[in-house]
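J.: Following this message is one structure expressed as structure tokens.
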Amino acid sequence: MIVFARGSITNREALAPHREEELRAVAQLKADGVMKAAYRRTAEPGVYLILEGSSVDAVRERVDSLPFVVEGLMTVEYEEVYAI
């Protein structure tokens, strides 16, 4: 299942101490095949993610373990999509 996610940064000033750990976690999600693509938003701080997993809940569980999410610095909205 393909999942589109929109991540919104809630506290940009607090990101720095968690950045290295976040990058390692993102690399792991990519290596595991969960995160297919990640794009930084230009209009405001945040990301768009293309994700894949057995269910929206399975994808949410993995992405919600990212340090920015765990620390309350980013919120993520998930939506299941399919190719047309």
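J.: Any chance the range 30-44 includes a residue that's touching a strand residue (DSSP E or B) at 6+ places or on another chain (Cβ under 7 Å), assigned to a helix (DSSP H, G or I) and either of a type in the set (Lys, Arg) or loosely packed, with under 15 Cβ neighbours inside 10 Å (or both)?
T.: Here is the first cut: in the range 30-44, the ones touching a strand residue (DSSP E or B) at 6+ places or on another chain (Cβ under 7 Å) are 33-41.
After this cut, where a residue has to be assigned to a helix (DSSP H, G or I) as well, the list is none.
No; the residues of the range 30-44 include none that is touching a strand residue (DSSP E or B) at 6+ places or on another chain (Cβ under 7 Å), assigned to a helix (DSSP H, G or I) and either of a type in the set (Lys, Arg) or loosely packed, with under 15 Cβ neighbours inside 10 Å (or both).
J.: So is Gly7 within 13 Å of Val63 (Cα to Cα), assigned to a loop (DSSP other than H, G, I, E, B) and out of contact with any His (no Cβ under 9 Å at 6 or more places or on another chain) or not? Even if it seems obvious, please write down each step before you answer.
T.: Values: within 13 Å of Val63 (Cα to Cα): yes; assigned to a loop (DSSP other than H, G, I, E, B): no; out of contact with any His (no Cβ under 9 Å at 6 or more places or on another chain): yes.
Spelling it out, it is not the case that Gly7 is within 13 Å of Val63 (Cα to Cα), assigned to a loop (DSSP other than H, G, I, E, B) and out of contact with any His (no Cβ under 9 Å at 6 or more places or on another chain).
J.: Condition first: touching an Asp or Glu at 6+ places or on another chain (Cβ under 8 Å), at pLDDT 95 or above and of a type outside the set (A, V, I, L, M). Can you find one or more residues in the range 24-35 that meet it?
T.: The answer is yes, given that some residue of the range 24-35 is touching an Asp or Glu at 6+ places or on another chain (Cβ under 8 Å), at pLDDT 95 or above and of a type outside the set (A, V, I, L, M).
J.: Let me ask something additional. Test Ile9 against the stated conditions and say whether it is of a type outside the set (Lys, Arg), out of contact with any Lys or Arg (no Cβ under 6 Å at 6 or more places or on another chain), farther than 30 Å from Ile84 by Cβ and touching a residue at least 40 places away in the same chain (Cβ under 8 Å).
T.: Details: of a type outside the set (Lys, Arg): yes; out of contact with any Lys or Arg (no Cβ under 6 Å at 6 or more places or on another chain): yes; farther than 30 Å from Ile84 by Cβ: yes; touching a residue at least 40 places away in the same chain (Cβ under 8 Å): yes.
Yes, satisfied.
J.: If you don't mind, there's one more thing I want to ask. For the range 34-44, enumerate the residues that are more than 13 Å from the chain's Cα centre (by Cα) and not charged (D, E, K, R).
T.: Once the filter is applied, which keeps residues that are more than 13 Å from the chain's Cα centre (by Cα) and not charged (D, E, K, R), the range 34-44 yields Thr42, Ala43.
J.: Which number in (1) among the hydrophobic types (A, V, I, L, M, F, W, C); (2) touching a residue at least 40 places away in the same chain (Cβ under 8 Å); (3) in contact with a strand residue (DSSP E or B) (Cβ under 7 Å, 6 or more places away or on another chain) marks the one condition that Ala25 misses?
T.: Status for Ala25: all satisfied but (3).
J.: Test Glu52 against the stated conditions and say whether it is closer than 15 Å to Leu73 by Cα, of a type outside the set (S, T, N, Q) and within 13 Å of the chain's Cα centre (by Cα). Step through it out loud before you land on a result.
T.: Working: closer than 15 Å to Leu73 by Cα: no; of a type outside the set (S, T, N, Q): yes; within 13 Å of the chain's Cα centre (by Cα): yes.
So Glu52 does not fit the description; no.
J.: Continuing with the same structure: Keeping to the range 45-70, report how many residues are in a helix (DSSP H, G or I) and either in contact with a Cys (Cβ under 6 Å, 6 or more places away or on another chain) or not hydrophobic (A, V, I, L, M, F, W, C) (or both). Even if it seems obvious, please write down each step before you answer.
T.: Just the residues of the range 45-70 that are in a helix (DSSP H, G or I), to begin with: 56-63, 67-70.
Pick out the ones that are also either in contact with a Cys (Cβ under 6 Å, 6 or more places away or on another chain) or not hydrophobic (A, V, I, L, M, F, W, C) (or both) and you get 57, 60-62, 67.
Result for the range 45-70: 5.
J.: Against the definition (acidic (Asp, Glu), modelled with pLDDT under 95 and either outside any helix (DSSP H, G or I) or touching a Cys at 6+ places or on another chain (Cβ under 8 Å) (or both)), how does Glu80 come out, yes or no? Write out each step before concluding.
T.: Details: acidic (Asp, Glu): yes; modelled with pLDDT under 95: no; either outside any helix (DSSP H, G or I) or touching a Cys at 6+ places or on another chain (Cβ under 8 Å) (or both): yes.
No, not satisfied.
J.: If Arg19 satisfies all but one of (1) in a strand (DSSP E or B); (2) free of Cβ contacts under 8 Å to residues at least 40 places away in the same chain, what's the number of the condition it fails?
T.: Of the numbered conditions (1) in a strand (DSSP E or B); (2) free of Cβ contacts under 8 Å to residues at least 40 places away in the same chain, the odd one out for Arg19 is (1).
J.: Now, a different point. Here are Val47, Val56, Val63: which of them is closer than 22 Å to Ala83 by Cβ, touching an Asp or Glu at 6+ places or on another chain (Cβ under 7 Å) and surrounded by 14 or more Cβ atoms within 10 Å (Cβ to Cβ)?
T.: Working: Val47 fails: touching an Asp or Glu at 6+ places or on another chain (Cβ under 7 Å); Val63 fails: touching an Asp or Glu at 6+ places or on another chain (Cβ under 7 Å).
Val56 is the lone residue from the list that is closer than 22 Å to Ala83 by Cβ, touching an Asp or Glu at 6+ places or on another chain (Cβ under 7 Å) and surrounded by 14 or more Cβ atoms within 10 Å (Cβ to Cβ).
The values are calculated or read from the model by the stated rules, or taken from the named source; none is laboratory data. Note that the structure is a prediction, hence the values are computed from the model and not measured. As a convention, Cβ positions derive from the backbone with ideal geometry for all residues, glycine included, and neighbour counts pool all protein chains shown.
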